[in-house]
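Beneath this line is the structure, given in structure tokens, with notes to follow.
Each value in this text was obtained by applying a stated rule to the coordinates, not by laboratory testing. Keep in mind it's a predicted model, so treat the numbers as computed, not measured. Cβ atoms come from the backbone with ideal geometry, glycine included; neighbour counts cover every protein chain shown.
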Amino acid sequence: MPAIAYLECSRCHHRISAETPQTLCPIDAGSLYVRYDMDAVRETAKRERPAELAAKSHASLGMWRYADVLPAVTPVTLGEGWTPMLRSRRYDGLFVKEEGANPTGTFKARGLGLAVTMAKHYGLRHLAVPSAGNAAGALAAYAAAAQIAAHIFMPQDVPFANYLEGVVYGADVTMVDGLISDCARMVGEQIKEQRESGVAAEDVWFDISTLKEPFRVEGKKTMGYELVEQLGWEYPDAVFYPTGGGVGLIGMWKAFEEMEQLGWVKGKRPRMYALQAAGCAPVTTAFDAGKDASEFFQNAETFAAGLRVPKPYGDYIILEILKASGGRAVSSDDAAILTSILDWAKEEGIFLSPEGAAATAAYDSLLASGEIKRGERVVLFNTGAGLKYTDMTAEAMHLKRPGTLPTSLPVGGVITPV
Ligand SMILES: [Zn+2]
């Protein structure tokens, strides 16, 4: 495994040492990328493929099969990564990358697995995160595995599973009457207050927010390595990625760049599609207007909880990647998302998360318009297991457990199935 050479700002390319924990670029608050000595990695990789290398290392499973291009530290692992690549039974060329198979049931396990690994390496004692739900669950699990305290702030109407995870894993959970943006503000205020009130440096919370530290992107990049390896070391034509904070999209693009440097893949990179919900579509709005950054999306509302991110911190990077790749952003409304969940469950046996279904709904519409051709190789991410959203999806379906009455009905109210 390589040592980290330095951290590089995504905006101004300023370099920072990774010897101590870092958050953002001190010059312009840009997100930081992890950089290695790629010549050294190339030398090792010349002789052996990643799987053979990983088989020899102490962590041969899951995303750590790419230990060659991850920091040289001891992993805190729960078996994240190397998720199934399922071939659609109906659409020629369409593959579903089933991220619901990760620990905690979502793709968040990759980013937080690595971020907590590094936190442990640095000796951090308190990690804090604002979350739309699934990042909170993943942080809680990995923090428990590493025996680090986790402080979680999430909207009070997140899927119940996310609240339960926080409690079960023993995290410090705060439910907020607001959105992830409000949660982020509260985390920032808490940290500021701790610093000002003279809390000992090692007891001040470390903010592990999306793109406000370098290692969540670094963990999520393994999705890019995996999809290329699972397609026989070839690029697909397009990647469909449900985009809230967009860490995975940014991570995969970084992975493609690294794989090209290492000679592991050749050819044209895939068109990247960022899929959002019409009820919270800051990236789609900005992309369609030709802007370089998004604006705060007012009154965000969708049952695709993970897409309720009114202004992603890395919006400028996401928009740049969409443009460079020849892809774009597409939004689907909640009705289309729900229809797609039911369609995929009944026709393919896959219970998508609402976020994953934002991608399948967009696939259907782009296939209908001819922008995606039948037979084109498309990798579509189901970012989480549908089972994490039973309450939200049931509510969207107006489904109630048979034999029970909704508690909100007045006595003697209408008793008909809805
Ligand atoms: Zn910078």
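Give, in whole angstrom and from largest to smallest, the semi-axes √(5λ) of the equivalent ellipsoid of segment 182-339, with λ running over the eigenvalues of the Cα gyration tensor.
Numbers: eigenvalues 177, 103, 34 Å².
Equivalent ellipsoid of segment 182-339: 30, 23, 13 Å, largest first.
With the crude spin-label approximation of a point 7 Å out along Cα→Cβ, what separation in nm comes out for residue 177 versus residue 39?
Taking the two extended label points, one gets 6.0 nm.
Out of segment 151-259, which chymotrypsin sites (Phe, Trp or Tyr not before Pro) are coil in DSSP terms and have no more than 15 other C-beta atoms within 10 Å? Write down the numbers at each step before the final one.
On the way: sites: 153, 160, 163, 169, 205, 206, 215, 225, 233, 240, 253, 256; in loops: 169, 205, 233.
Filter output for segment 151-259: 233.
Looking at the chain only, what percent of DSSP beta bridges run antiparallel? Nearest 5 please.
Working: 13 of 43 bridges.
In the chain, approximately 30 percent of DSSP beta bridges are antiparallel ones.
Would you mind calculating the relative contact order of the chain from Cα pairs under 8 angstrom and at least 6 residues apart, reporting the percent as a whole number?
Details: 871 pairs, mean separation 65.9, N = 418.
Worked out over the chain, it gives 16 percent.
Note down the nm distance, to one decimal, between modelled labels 7 Å out along Cα→Cβ at residue 400 and at residue 122.
The two pseudo-label positions are separated by 4.9 nm.
Students often check this: by mean Cβ neighbours within 10 Å, which of 32-42, 343-353 ranks highest, and how do the rest follow? Can you show the working numbers first?
Numbers: 32-42: 16.9, 343-353: 18.7.
Averaged packing, sorted descending, gives the order 343-353, 32-42.
HN-Hα J couplings of segment 219-231 from phi, Karplus 6.51/-1.76/1.60, θ = phi - 60°, integer Hz, Gly and Pro as x?
x, 5, 4, 4, 4, x, 4, 5, 5, 5, 5, 5, 9
Placing one identical point scatterer on every Cα of the chain and ignoring solvent, what is log10 I(q)/I(0) from the Debye formula at q = 0.08 Å⁻¹?
Each listed q maps to, in turn, -0.41.
From the backbone phi of segment 94-107, what are the Karplus-calculated ³J(HN,Hα) couplings (6.51 cos²θ - 1.76 cosθ + 1.60, θ = phi - 60°) in whole Hz, Gly and Pro given as x?
Working through the residues one at a time gives 8, 10, 10, 8, 8, 7, x, 7, 6, x, 6, x, 8, 4 Hz.
Apply the Karplus parameterisation 6.51 cos²θ - 1.76 cosθ + 1.60, with θ equal to phi minus 60°, to every residue of segment 195-201 and state each ³J(HN,Hα) to the nearest whole Hz, in sequence, with x for glycine and proline.
5, 5, 8, x, 4, 4, 3
So which of 220/323; 120/220; 120/266; 254/291; 108/311; 311/346 end up more than 30 Å apart by C-alpha? Please report the intermediate quantities before stating the final value.
Details: 220/323 21 Å; 120/220 18 Å; 120/266 36 Å; 254/291 22 Å; 108/311 19 Å; 311/346 34 Å.
Checking Cα-Cα distances, 120/266; 311/346 exceed 30 Å.
Expressed as a whole percent, how much of the Cα-Cα distance distribution for segment 316-374 exceeds 18 Å?
On the way: 745 of 1711 pairs.
Pairs farther apart than 18 Å: 44 percent.
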